[in-house]
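Trainee: The structure is given below, and queries will be raised subsequently.
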Amino acid sequence: MNQRPNPPMIPFIDVAAQRHRIGGAIDTAVARVLGHCQFILGPEVRAFEAELAKFCGARHAVTCASGTDALVLVLRARGIGPGDAVICPSFTFCATAEVAALVGATPVFVDVDAATFNIDANRIAGAIATAKSAGLTPKAVIPVDLFGLAADHTAVAAAAEKANLFILDDAAQAFGATFNNRRLGTFGHATATSFFPAKPLGCYGDGGAVITDDDEMADVLRSLRMHGQGSDRYDNIRIGLASRLDTIQAAILIEKLKIFPDEIAARDRVACRYAEGLGDLVVVPKVAAGSTSVWAQYTIRVAGRRRDRLAAALKAEGIPTAIYYPIPLHRQQAYKHYPVGEGGVAVSDRLAAEVISLPMHAYLDAPTQHRIIDATRRALVS
Ligand SMILES: *Cc1c(COP(=O)(O)O)cnc(C)c1O
């Protein structure tokens, strides 16, 4: 059917494109670390933490080894553990619930809002009731800012306040996004993010950070990431972890943070082109007034077998797609025995059957994107 030679495969996320732009600066920054040899908690880590806190208008940024560790460290700092319930959405990456289970607490799943993919704050009260009737003490809620878009933090805060829940924002996919015209990082009591390479602000390995305005929390986090150290490394006042951001990664992130606002704007232009090109045919994501997305994913909804046909048709044209997430957490083998909050999780199930994500990164040029849009339109109308 296709007489022309196969067009080049389009990358889903082009991590290499950015290297062409700032590769020289990054190589210099890494060489500086190789020169001073302070590989753990070297000067670049402190410098990056200061920049990161400033970037989102928070008092503290405490870096660590991954986004998952960032979440764990906060739960540990709060003393959340066995007998406690941690409320989180079912439609998310597994780490959100994993951390609750890792500290010995019980994740309780709530549904999400179909329009935003984010936690439905109206369901938090039901999840609290479910937790209590299971004999658990509801302690925290972890709203996730999925696919780069902030959750409704006003509604989450209102629901959490009523029950005195600690709010840990999982902004691993949305660091840099805004809600009520303010960058994520100061919604809730602590915000966790990830520097996994594929995230909007990624490093060249694993990394993460906690952002908080709470001085005491920041101190405890700094202790926990160093084996629970007290006044010095050989004074251990709590059980901690070995969870630091490598100095080399911090040096890389300092350079990447400089161009991050520009990359966020570029991602937004890509999202606008998709919305213009596809909005009449499929459900495209919408961003509420006062919010901006960093578009970790550009996720459209296509029901039933049409989704499989779309993925196959695009693949045949060298265009990769991905399904985030095909199985909501309440159906995963490792998580299905945990409670689901009152009201159920029907939207999470429906979204798992409908979502499909298109290539998205800051360096997706217009001609390549038109190739994707044209192929998507042809596949959807055929
Ligand atoms: C990536 C991710 C994490 C975990 O980050 P890592 O750095 O990979 O440990 C946590 N939550 C969400 C929603 C994520 O997307």
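Trainee: Taking the chain as the region of interest, what is the percent of Cα-Cα pairs per 20 angstrom bin, listed from the shortest bin to the one with the maximum distance?
Mentor: 29, 56, 15, 0
Trainee: Another question, then. At a 10 Å Cβ-Cβ cut-off, how would you order Met226, Met9, fewest neighbours first?
Mentor: Arranged by neighbour count, lowest to highest, Met226, Met9 become Met9, Met226.
Trainee: Under unit Cβ charges (Lys, Arg +1; Asp, Glu -1), what dipole magnitude, rounded to 20 debye, does segment 267-375 have relative to its Cα centre?
Mentor: Dipole about the Cα centre, nearest 20: 220 debye.
Trainee: Testing the spin-label approximation: label points 7 Å from Cα along Cα→Cβ at Asn180 and Asp308. State their distance in nm.
Mentor: Taking the two extended label points, one gets 4.5 nm.
Trainee: Now a separate question. Not counting the cut sites, what is the longest span of the chain without chymotrypsin sites (Phe, Trp or Tyr not before Pro) that DSSP labels loop and that have at most 14 other Cβ atoms within 10 Å?
Mentor: 40-233
Trainee: Be a star and scan segment 244-288 for residues whose amide nitrogen sits under 16 Å from the point 7 Å along the Cα-to-Cβ vector of Asp27.
Mentor: Under 16 Å, as judged by backbone N against the label point of Asp27, lie 252 of segment 244-288.
Trainee: Moving on. Taking 0.36 nm per residue of separation and subtracting the Cα-Cα distance, what length does fully extending Phe12 through Ala316 add?
Mentor: 108.0 nm
Trainee: How long is the gain from Asp365 to Cys94 if the chain were fully straight, where each residue apart is worth 0.36 nm and the alpha carbon distance is subtracted?
Mentor: 94.4 nm
Trainee: A further question on this structure: Once Lys and Arg get +1 and Asp and Glu get -1 on their Cβ, which of Gly279, Ile13, Pro89 lies farthest toward the positive end of the dipole of the chain?
Mentor: Checking the options against the dipole of the chain, the answer is Gly279.
Trainee: Just to be sure I understand the curve: with the Debye formula and one point per C-alpha of segment 50-120, what is log10 I(q)/I(0) at q = 0.17 Å⁻¹?
Mentor: With no solvent term, the Cα-only Debye profile gives -0.75.
Trainee: Relative contact order of the chain: what whole-number percent is it, with Cα pairs under 8 angstrom and at least 6 residues apart?
Mentor: Computed value for the chain: 23 percent relative contact order.
Trainee: Only counting other Cβ atoms within 10 Å, I'd like Arg123, Arg371, Arg46 sorted with the fewest neighbours first.
Mentor: Arg46, Arg371, Arg123
Trainee: Which order results if Ile239, Ile356 are arranged by neighbouring Cβ count within 10 Å, fewest first?
Mentor: Ranking Ile239, Ile356 by Cβ neighbours within 10 Å, fewest first, gives Ile239, Ile356.
Trainee: What 222 nm value per residue comes from the helices of the chain, counting each DSSP H run with n ≥ 4 as -39,500 (n - 2.57) and dividing by all residues, nearest 500 deg cm²/dmol?
Mentor: Rounded to the nearest 500, it is -13000 deg cm²/dmol.
Trainee: Work out, step by step, the length gained on full extension between Thr137 and Ile237: first 0.36 nm times the residue separation, then minus their alpha carbon distance; give nm to one decimal.
Mentor: 33.4 nm
Trainee: Please check: in the Gaussian network model of the chain (C-alpha springs, under 10 Å), which one of Ala97, Ala157, Ala192 has the largest mean-square fluctuation.
Mentor: Ala157
Trainee: Also: Tell me which lysines have Cα within less than 17 Å of Lys132's Cα, excluding those fewer than 8 residues away on the same chain?
Mentor: List returned: Lys162.
Trainee: Please report how far the C-alpha centroid of segment 201-227 lies from that of segment 12-49, rounded to the nearest whole angstrom.
Mentor: Their Cα centres are 19 Å away from one another.
Trainee: Mean-square fluctuation check for the chain, GNM, Cα pairs under 10 Å: which of Arg183, Arg222, Arg273 is largest?
Mentor: Greatest mean-square fluctuation among the candidates belongs to Arg273.
No lab work stands behind these numbers, since they all come straight from the coordinates. All values reported here derive from a predicted model rather than from experimental measurement. Cβ coordinates were reconstructed from backbone atoms using ideal geometry, including for glycine residues, and neighbour counts include every protein chain displayed.
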